Amino acid sequence: MEYALERFTAEVKAAIAATGRVAPALIETTTPKPNIPADLAFPAFRAAKELRVPPPQLAAELAAAISIPEGSLIGKVEAAGPFLNFSMHPQRLAAAVLAEIAARAEGYGRQPDGAGQTIVVDYSAPNIAKRMHVGHIRSTIIGQSLVNIFRALGYTVVGDNHLGDWGKQFGVVLASIAMYGRPDAVGEEAMALLEAQYARYSGEMKERPDLDEEARRWSLLLEQGDPQARALWQWCVDLTLQAAEKNYNRLGVRFDHAYGESFYEGMLPDMIAETLRTEAAYRDEDGSVVAELDKLPKFIIQRKDGGTVYMTRDIATVEFRLSEFHPSQIIYVVDGRQELHFRQLFAIMRAMGYARDVELVHIPFGVVTTLDGQPLSTKKGNMVYLESLLDEATARALAVIDLKNPDLAEAEKAAVAESVGVGAVVYNDLYQDTKRNITLDWERMLATEGNSATYLQYSHARCRSILRRAVEEGAATAGDATLLTHPAETGLIKHLARLPEALREAGSRYAPFVIADWCYTTAREFGVFFEQCPVLKAESAELRAARLDLVAATAHALKAGLGLLGIRAPERM
RNA sequence: GGGGCUGUAGCUCAGUUGGAUAGAGCAGCGACCUUCUAAGUCGUUGGCCGUGCGUUCGAGUCGCACCAGCCCCGCCA
């Protein structure tokens, strides 16, 4: 099914074409700025040049020549200087949009664009034996939103948590446990102790080459399947995943797989041989395997001691994903600082002859810094861990709820606080272009006004509140949408009509903020409507029914948008 | 030295096939709660769009050069 806005655009193009004055190739439309009282514009510049007439003249001629088909979503056509402006027919649009949303409810906006295609999303990827902190939550949150967005676009999405459970850094973890012992604790507390040991060990490692050698030895032992190393490794993995699972549940994050780097261990020797066979890489004099491609800096695929690196495992990972899932895209939601790594990875995959039918995409995101621009680090002691971040956000939300809505039952207060607090943290990572660096600004993050998750949730809750009262009063719904002609109603409806378009743009740009933006504007449009158009006390029962439909549609659409971001929409707050 | 990202209002940001008067929020000032949740709404103040040159009928948007900040550049991930 085609959504109303697409139909409107198609009708506009057809109407212009029907005049016979403009070649179809020159019929391009743009969305006018908000201050222009129109919904779609045809700039006549190019076509006018072709026809050798002044643009305003062509626009005027077209305005006179155009005929609007019966029942069209086009309401009005007029020339405005060199532009030909089209406005939607408010009543027919209202009927079409409300029907679409009523039919799909929270599934509004979904499209079958990606049907039959698979996308692998590589995200989160926490390090084993490390607590998750503000640094890694970006990948988790952005990645999950992209998963949601692509699913809504009809793709088969495979979410894979590429755990950092291998490599030399893991050798350090094992070596430090061997030296200081296994911490006597559980959950995040145990991990905090592991981190402290790790930090202590790597600190001393700088001055003691024997410790560095020991870490390397553990990493090799692990790769060689030494039972003691494997057992210790498994303990760390279980501990970390258990703790992570709690955070994932709170964030609404779910993976299809969590293979992790270790999963690819057995494939590495063949993979290295393959890079050599295809001459994508060569063996250096010192025994290491290196590649130098596309004028990119040289990079290592196998260490001179025979050990593997991140790159080796990433190559195997691509190969595995291709043969296992046959995706049209593999997207990596990873820190922008690894941009070069991915360019190198993608280059070597191409050089090996893989990745011909797949688009490999790195979605870089910026770093999180403190208010004064300092990086967050364990060493500096200014690190903020995910669990405490969510707890703090929830606690602050609860304080506001106690103030604003003290009559709510305690259990509901707690649930709402969780939704609002976690929503604020999620939104902080999604409301702007992901490649920007963000600052950890508690005031900004937990803001309850303006462009904030809370404001969006609040708008939804207001809708739901009206709908609840309507049910209590036994008010009729399923009204006549053509009664919705107030500017505030039309403004809101026009914006609701844009969700499918926003979803498509969010997918093509890998940009959840496009959805966030849409939600925010929806909330604002609803806010205006809320002030100007009484629903339960509308002038007539007929108008009340129609407005109730609009409120229901707004609630569904907002919930759909928030859902794409991974943010819950409470019934009341 | 090479490369990537960023530069738009005091602050945080939108502005993407180049189009009309560059938009929001926050902060500031002012107004609106006996009516559906004031976590709201409305008004108002605030811009050499980093700088320069170029392409174009038209540039915040495209090209080149420069400036500033952050980041990356073989045996970590």
**Report entry** Test: A:L62 is more than 30 Å from A:N161 (Cα to Cα), of a type outside the set (K, R), open to solvent by less than 20 Å² (accessible area, probe 1.4 Å) and part of a helix (DSSP H, G or I)
**Finding:** yes
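Table: residues versus (1) crowded, with 16+ Cβ neighbours inside 10 Å; (2) without any contact (Cβ under 8 Å) to a residue 40 or more places away in the chain; (3) of a type in the set (D, E, K, R).
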residue: A:L390; (1), (2), (3): yes, no, no
residue: A:V400; (1), (2), (3): yes, no, no
residue: A:E410; (1), (2), (3): no, yes, yes
residue: A:G421; (1), (2), (3): yes, yes, no
residue: A:Q432; (1), (2), (3): yes, no, no
**Report entry** Search result, residues across the stretch A:280-293 that are open to solvent by 10 Å² or more (accessible area, probe 1.4 Å) and more than 15 Å from A:L345 (Cα to Cα)
**Finding:** A:Y282, A:R283, A:D284, A:E285, A:D286, A:G287
**Report entry** Filter result (closer than 24 Å to A:V147 by Cα and open to solvent by 10 Å² or more (accessible area, probe 1.4 Å)) within the stretch A:519-559
**Finding:** A:Y520, A:T521, A:H556, A:K559
Report summary line: Restricting attention to the stretch A:367-382, the residues that are away from RNA strand B (no atom under 11 Å from the Cβ) and in contact (Cβ under 8 Å) with a residue 60 or more places away in the chain number exactly 4
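Looking only at the stretch A:293-306, which residues are farther than 16 Å from A:W166 by Cβ and more than 8 Å from RNA strand B (Cβ to nearest atom)? Step through it out loud before you land on a result.
Narrowing the stretch A:293-306 to residues farther than 16 Å from A:W166 by Cβ: A:293-299, A:304.
If the condition is that a residue be farther than 16 Å from A:W166 by Cβ and more than 8 Å from RNA strand B (Cβ to nearest atom), then A:L293, A:D294, A:L296 are the ones that fit.
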Query - Residue within the stretch A:298-315 that is assigned to a helix (DSSP H, G or I), touching a Lys or Arg at 6+ places or on another chain (Cβ under 8 Å) and either assigned by TED's automatic domain parsing to the domain that holds A:F342 or crowded, with 22+ Cβ neighbours inside 10 Å (or both) present - result: no
Query raised in the report: When A:K76 is evaluated against the numbered criteria (1) assigned to a helix (DSSP H, G or I); (2) open to solvent by 30 Å² or more (accessible area, probe 1.4 Å), which criterion, by number, is the only one it fails?
Result: (1)
Query raised in the report: Listed residues A:L239, A:L276, A:L232; which is away from RNA strand B (no atom under 13 Å from the Cβ), within 30 Å of A:A415 (Cβ to Cβ) and part of a helix (DSSP H, G or I)?
Result: A:L239
**Report entry** Residue within the stretch A:336-357 that is in contact (Cβ under 8 Å) with a residue 40 or more places away in the chain and within 19 Å of the chain's Cα centre (by Cα) present
**Finding:** yes
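Hey, any hits in the stretch A:27-43 for a residue that's within 14 Å of RNA strand B (Cβ to nearest atom), out of contact with any strand residue (DSSP E or B) (no Cβ under 8 Å at 6 or more places or on another chain), among the hydrophobic types (A, V, I, L, M, F, W, C) and not in a strand (DSSP E or B)? Give the steps one after another, and end with the answer.
Kept after step one, since they are within 14 Å of RNA strand B (Cβ to nearest atom), are these residues of the stretch A:27-43: A:27-43.
Add one more test, that the residue is out of contact with any strand residue (DSSP E or B) (no Cβ under 8 Å at 6 or more places or on another chain), and what stays is A:33-35.
Pick out the ones that are also among the hydrophobic types (A, V, I, L, M, F, W, C) and you get none.
So far as the stretch A:27-43 goes, no, none of its residues is within 14 Å of RNA strand B (Cβ to nearest atom), out of contact with any strand residue (DSSP E or B) (no Cβ under 8 Å at 6 or more places or on another chain), among the hydrophobic types (A, V, I, L, M, F, W, C) and not in a strand (DSSP E or B).
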Report task. Scan the stretch A:333-362 for residues that are open to solvent by less than 40 Å² (accessible area, probe 1.4 Å) and within 12 Å of RNA strand B (Cβ to nearest atom) and jot them down. Result -> A:V334, A:D335, A:G336, A:H341, A:F342, A:Q344, A:L345, A:H362
Report summary line: So, first residue assigned by TED's automatic domain parsing to the domain that holds A:G306 and touching a residue at least 12 places away in the same chain (Cβ under 8 Å) in the stretch A:269-285, second residue open to solvent by 90 Å² or more (accessible area, probe 1.4 Å) and part of a helix (DSSP H, G or I), Cβ within less than 6 Å, six or more apart or across chains; the pairs are none
Query raised in the report: Looking only at the stretch A:215-261, which residues are among the polar types (S, T, N, Q), at pLDDT 90 or above and either crowded, with 20+ Cβ neighbours inside 10 Å or not assigned by TED's automatic domain parsing to the domain that holds A:G181 (or both)?
Result: A:T240, A:N247
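The values are calculated or read from the model by the stated rules, or taken from the named source; none is laboratory data. Please read all numbers here as calculations on a predicted model, not as lab measurements. Cβ sites come from the backbone with ideal geometry, for glycine too, and all protein chains shown count toward neighbours. For the accessible areas, the whole protein counts, side chains as well, though only heavy atoms, and no ligand, DNA or RNA atoms are used. Shrake-Rupley method; radii C 1.70, N 1.55, O 1.52, S 1.80 Å.
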